[in-house]
Structures are given as C-alpha cells and as structure tokens.
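Student: Here's a structure for you.
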Amino acid sequence: MDLDLAQVRAFTAAAEELHFGRAAARLAISQQALSKRVARLEAALGARLLDRDAHGVGLTPAGRRFLDPARRLLVDGDRAVAAVARPRRPLRIDVWGHLYAPMRTVARAVEGLPGLEVEPVPGRDLPSVAAAVLRGESDAGFGRVHPLPDGRDAGLAHRLVRLEPVDALLSTDHPLAGRDTLRPADLRDSVLRYPAAVDRLDFLTRFADRFGVEGRAGSTNLGLEHFVERVRTDPTCFSLLPADCPLPDPPAASDGRPGVRTVPLVDPTPLYAWSLVWREDDAQPHPRLEPLLEAFGEEARRSRWLEYDPARDWLPGPDEDALGR
C-alpha cells in the first residue's frame, strides 16, 4: 500500500502530543482535519493506532509499533523534498519581549534542528507582531501571548512552547533581599516596577492583581541595563524576571553602593509562558513553519519546558487555558 505522508504526520503529532488539540495546533490545521487524517490512516492500515476516550489519547500496541518507523518515514520524505526543492527564503519570525531575552529560547529550539533556516527579527510588542503576521509580512511570532482588545488577534493560532520560572529582582538594600526564597505574598508591601508602560505588560498586571500588590510604577523602556539600575537604586521596589534571563554586568561601584540580586519565588512559583504564533487560515504557510513547531516541541520535551503543577506553580488564566489545549 502507499502511505499518505500527511496522514502519517498527523498520527505522529497526535502520538507525541497525546492531545488532538495540541497536535492540530502544531501542524497548523484544524482538529477536525487532524482526526480525519488519523482515521483514514487507520482504515488504510486496518489497525487502530490511537485510543481516544474522555481521559485523553493513548497509543495502542499497533500505534507503538508504527510510531518509530513513521518518524523515520517523515524524515526521509522531508529530505527527498529538500533534495529537489528550489531554495526558499528563511522563515521570518518576529520576536518581542526583549527585556526578558526571548532569543535564548528561540536559539535553543533552532539549534536542535540543524538546517532549519529562520530569520529572527525584533518586534515591538504583541499587537504589532500580530498585525505583521496577519498581513503576511512575517511568517510567525515568538513571545508571550495574551488576549488583545477589539479582536486584534482574531485569525491567529498560537502554541505554548515554554513555561519559565520567574524570580524577584531586588536591590540588595531591599528589606527582603537576604532571603533564599520569597513567596509572592511577601512582596505585597513593595512597589512593583514595570520595565515599560503599565498597560503594555499583561503578565505583571495579572501577577499584581492575583497576589495583592497595590503599588505599581511604570517606566520608559530604555533597555534592561537602565531598568536594572532603577531597581538597584530603589529599595522600596521589586520586579520580576524569568529565572534564566541574564542580568547585565554590574557597573563598577565604590564600597557601600547597593547591587541587585534575584530571589526564587515559591508557594507558588509564577511561570512566564512563551508561545509561537502564526496565521491560522494561511493557505500556503511557509514550508519551514511545521519544522519550526516540531523543533520547539522536541526541545520542550527534552528540556521539560512545559512542566506545570497547579499545586506548586501559578499561571495567569489565559496561559493555563492555552496549556490545556
């Protein structure tokens, strides 16, 4: 029999995600289309590959035997196409949230798949990136996704690819700076300093609302170094940074000047959600979009980027909903 690679790809994504919604988002198709492809493959093979019930998706014995050969088949198919395809421009991905160093995550995923050509481009913020992707000026975007007003994100698909623990950033003169860990509630009496205008940082606002932080101060976004300096010289304030975000080198200072430090947050640990976005109804998506999604998925599995325990961690509501899809 002749195998349909689109059907094999649909099965492989569903088998790896164990969730039809996430598998469909990964392939940039509807969940109904994915289900039909898997059903047609099962009919052609004469064997059930996936069990689907109210508890989720699981592999049957036949599905487990089919999975590894299916993966090898897809790799060979992609190589065959690449061998004769004309060179195409790199996939353009607009990246935003630069104070939180998003390129760290993009680089990890892309480096894990040699030959994946992407062109990362700095984006201003989610609204501007969403507009560029919907106009077809960019193939994808990367950053933290949140609901936009007036339906400006209608037509976008997105997939959550990394949950990164968040630390508190404090001046060493802050009363809590000597702690090994902090609870979010410990920060209620401090001022949450935003690295940009308050209305542009949805995550910080949701954190402050959830944990009762009343004091909030916006800033002009002049870069991470300038922002860290503002926190360093103000022992009444704090901010939040993803745990792996590198801090700028401290300036040379005379004895007695405060520094800054990051303190892990626990009970619960806030998580910053990084996502990929693309145009949902694109009839001709960039051919490297699917490999990009697969590269992020592979790195997420390898590095355990999507671990989430609601008894231990905190996510804003929209991020928690995205994780469940």
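Student: Would you mind telling me which residue in Ala185, Ala62, Ala109 has the biggest mean-square fluctuation in a Gaussian network model of the chain, where springs connect alpha carbons within a distance under 10 angstrom?
Tutor: Highest fluctuation among the options: Ala62.
Student: Taking GluC sites (Glu not before Pro) as exposed when DSSP calls them loop (any state but H, G, I, E, B) and at most 14 other Cβ atoms lie within 10 Å, what is the longest stretch of the chain free of them, the sites themselves excluded?
Tutor: Here the longest segment lacking exposed loop sites spans 1-116.
Student: List the relative contact order of the range 17-128 as a percent without decimals, with contacts defined as Cα pairs under 8 Å and 6+ residues apart.
Tutor: Relative contact order here is 17 percent.
Student: Under a 10 Å cutoff between Cα atoms, tell me which one of Gly46, Gly123, Gly178 has the largest fluctuation in the Gaussian network model of the chain.
Tutor: In this elastic network of the chain, the residue with the biggest mean-square fluctuation among Gly46, Gly123, Gly178 is Gly46.
Student: Sticking with this one: Out of the DSSP beta bridges found with both residues in the range 39-198, what percent are antiparallel (nearest 5)?
Tutor: 35
Student: Cβ under 9 Å from Val260's Cβ, Val260 left aside: what net charge do those residues give with Lys, Arg +1 and Asp, Glu -1?
Tutor: So the surrounding residues net to +1.
Student: Within the chain, which whole H helices from DSSP have a Cα span along their axis of at least 20 Å and a mean Kyte-Doolittle hydropathy of -1.0 or more, if any?
Tutor: Those that pass (Cα extent of 20 Å or more, hydropathy at least -1.0) are 31-45, 61-84, 289-303.
Student: Ignoring ligands, DNA and RNA, what percent of the accessible area of the range 162-201 is carbon or sulfur (1.4 Å)?
Tutor: Answer for the range 162-201: carbon and sulfur cover 43 percent of the accessible area.
Student: Continuing with the same structure: How big is the range 195-308 in terms of Cα radius of gyration and Dmax, in angstroms?
Tutor: That works out to 18.6, 62 Å for Rg and Dmax.
Student: Only loop residues by DSSP count here, and only those with at most 16 other Cβ atoms within 10 Å; note down the trypsin sites (Lys or Arg not before Pro) in the range 18-109 that meet that.
Tutor: Arg48, Arg88
Student: Kindly give Rg over Rh for the range 1-50, based on alpha-carbon atoms, with the Kirkwood expression for the hydrodynamic radius.
Tutor: Value, to two decimals: 0.94.
Student: Percent relative contact order of the range 113-258, based on C-alpha pairs within less than 8 angstrom and at least six residues apart?
Tutor: Relative contact order comes out at 26 percent.
Student: If you find the alpha carbon centre of the range 266-325 and of the range 1-68, how far apart are they in angstrom?
Tutor: 20
Student: For the chain, what does the accessible surface come to per residue with a 1.4 Å probe? Please give it in Å².
Tutor: 50
Student: Rounded to whole Å and sorted largest first, list the principal axis extents of the Cα atoms in the chain.
Tutor: 76, 43, 39
Student: Based on DSSP H runs of at least 4 residues, each adding -39500 (n - 2.57), what is the mean residue ellipticity at 222 nm of the chain after dividing by all its residues, to the nearest 500 deg cm²/dmol?
Tutor: -11500 deg cm²/dmol
Student: Return the single residue from Val145, Val129, Val110 with maximal mean-square fluctuation; model: Gaussian network over the chain, springs between Cα atoms under 10 Å.
Tutor: Greatest mean-square fluctuation among the candidates belongs to Val110.
Student: For the chain, what proportion of DSSP beta bridges, expressed in % and rounded to the nearest 5, is antiparallel?
Tutor: 65
Student: Could you give me the ³J(HN,Hα) list for the range 277-288, computed from phi with Karplus coefficients 6.51, -1.76, 1.60 and θ = phi - 60°, whole Hz, x at Gly and Pro?
Tutor: 10, 7, 7, 6, 9, 5, 5, 10, x, 4, x, 9
Student: Could you calculate the contour length gain from Ala185 to Asp173, that is, 0.36 nm times the residue separation minus the distance between their Cα atoms, to one decimal place in nm?
Tutor: 2.4 nm
The values are calculated or read from the model by the stated rules, or taken from the named source; none is laboratory data. Nothing here was measured: the structure is a model prediction, and the numbers come from that model. Glycine gets a Cβ as well: all are built from the backbone with ideal geometry, and neighbour counts include every protein chain shown. The area values use the complete protein model at the heavy-atom level, side chains included, leaving out ligands, DNA and RNA. Shrake-Rupley method; radii C 1.70, N 1.55, O 1.52, S 1.80 Å.
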